[in-house]
There are 2 protein chains.
Amino acid sequence: MNIEETIKATNKLPESRRLILNILVTANHINDRIGEALKGFDLSIPQFNVLRILRGQKGKPANLSTIQERMVSRMSNTTRLVDKLIAKGLVERVTCEANRRKVEISITKKGLEFLHEVDPVIDNIETEITSRINSVENELINEKLNELRA
Amino acid sequence: MNIEETIKATNKLPESRRLILNILVTANHINDRIGEALKGFDLSIPQFNVLRILRGQKGKPANLSTIQERMVSRMSNTTRLVDKLIAKGLVERVTCEANRRKVEISITKKGLEFLHEVDPVIDNIETEITSRINSVENELINEKLNELRA
DNA sequence: ATACAAATATTGTTATAACAAATGAATATA
DNA sequence: TATATTCATTTGTTATAACAATATTTGTAT
């Protein structure tokens, strides 16, 4: 289904707006699918995002600003987001000794095990969605999206 | 800049996740740009979205469910979103005589004039972003995004 | 007609996000 | 060294979103 149908646009959209809307609607669709799956794990998308970032650190702790700059969707209060993950025992935080303004945040063993359970569910969704186009097309869209953000 | 750099991914991303992340990050980028511009008009993105939907009705009022199914980002409480627009005098609501469960929502003259001011600002952003790729590429991405949502 | 179910919107409540201000620590400057 | 400035995070407050429950009207079956 094309975007015009999807959002039931009544009048013809200019080419620029059509692409913009399509990207936004598609992103929304993806978020809905992933968010729905994460609900089964009592995890929000930003929380999942932070967990993956911390795992990506491979043991090395991250401070708040590092997390923020790597998040898909930048957010104002990452502190409280981390608080939630700490409350669940998935993450831990110690104040950095070298620079006591900073904090060192890292994923716990429990957090890693938890992610390990969640991963395949999300992987399935991601591959299911992207499998509808081929590798060449995938790569092309990647390039073009990069250009749009340039 | 590619997504790996943009989100500073430490390890190589599988092709499926890379595309998914790229779409999400790009959508976020677009929303940030548009949201920033709308702030000058004291308007949120969903509010702007509703106004455009109502204008698209060309005089014919819309009820809540119609608005919801046309929104880029489906939301649970459209009632209160419309309330905000009514408070600003940009929209009006009367209960539908034919089916008194429904309401008839329409954009006011003031709302139309207001949109007319906002439009060029958003148009500029949309064309500025999309002008970085050509028409053929634009069309191709549109098609492929449609397939991803299929 | 009456009762029951479905449609449509609203309201209440709780969680999350956005924004601004404040804290505390490090660094630069005089 | 004292003071100001900047940095990194936290906290308070307000706005918005998500979720569940509640009207209210309509449609349907008996």
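Numbers below:
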read-out: Residue within the stretch A:92-103 that is in a helix (DSSP H, G or I) and outside the structural domain of A:Ile23 (by TED's automatic domain parsing) present; value: no
read-out: Unique match (being over 15 Å from the mean Cα position of the chain (by Cα), more than 12 Å from chain A (Cβ to nearest Cβ), within 14 Å of DNA strand D (Cβ to nearest atom) and surrounded by 13 or more Cβ atoms within 10 Å (Cβ to Cβ)) among B:Lys110, B:Lys84; value: B:Lys84
read-out: Among the candidates B:Glu92, B:Glu15, residue that is facing chain A (nearest Cβ under 9 Å), over 17 Å from the mean Cα position of the chain (by Cα), open to solvent by 50 Å² or more (accessible area, probe 1.4 Å) and not aromatic (Phe, Trp, Tyr); value: B:Glu15
read-out: Checking A:Arg55 against (1) within 11 Å of chain B (Cβ to nearest Cβ); (2) assigned to a loop (DSSP other than H, G, I, E, B), the condition it does not meet; value: (2)
read-out: So A:Ile30, is it β-branched (Val, Ile, Thr), touching a residue at least 40 places away in the same chain (Cβ under 8 Å), open to solvent by less than 40 Å² (accessible area, probe 1.4 Å) and within 30 Å of B:Arg55 (Cβ to Cβ); value: yes
read-out: Set A:Leu24, A:Leu38: member being more than 8 Å from chain B (Cβ to nearest Cβ), open to solvent by less than 40 Å² (accessible area, probe 1.4 Å) and either in contact with a strand residue (DSSP E or B) (Cβ under 6 Å, 6 or more places away or on another chain) or under 22 Å from B:Leu19 (Cβ atoms) (or both); value: A:Leu38
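Yes/no matrix, rows are residues, columns are (1) among the hydrophobic types (A, V, I, L, M, F, W, C); (2) over 22 Å from A:Glu128 (Cα atoms); (3) touching a residue at least 60 places away in the same chain (Cβ under 8 Å):
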site	(1), (2), (3)
A:Thr10	no, yes, no
A:Thr26	no, no, no
A:Glu36	no, no, no
A:Val103	yes, yes, no
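The values are calculated or read from the model by the stated rules, or taken from the named source; none is laboratory data. None of these values were measured; they are calculated from a predicted model. Cβ: placed from backbone, ideal geometry, glycine included. Neighbour counts: every protein chain shown. Just the protein is used for accessible areas: all its heavy atoms, side chains included, with ligands, DNA and RNA removed. Shrake-Rupley method; radii C 1.70, N 1.55, O 1.52, S 1.80 Å.
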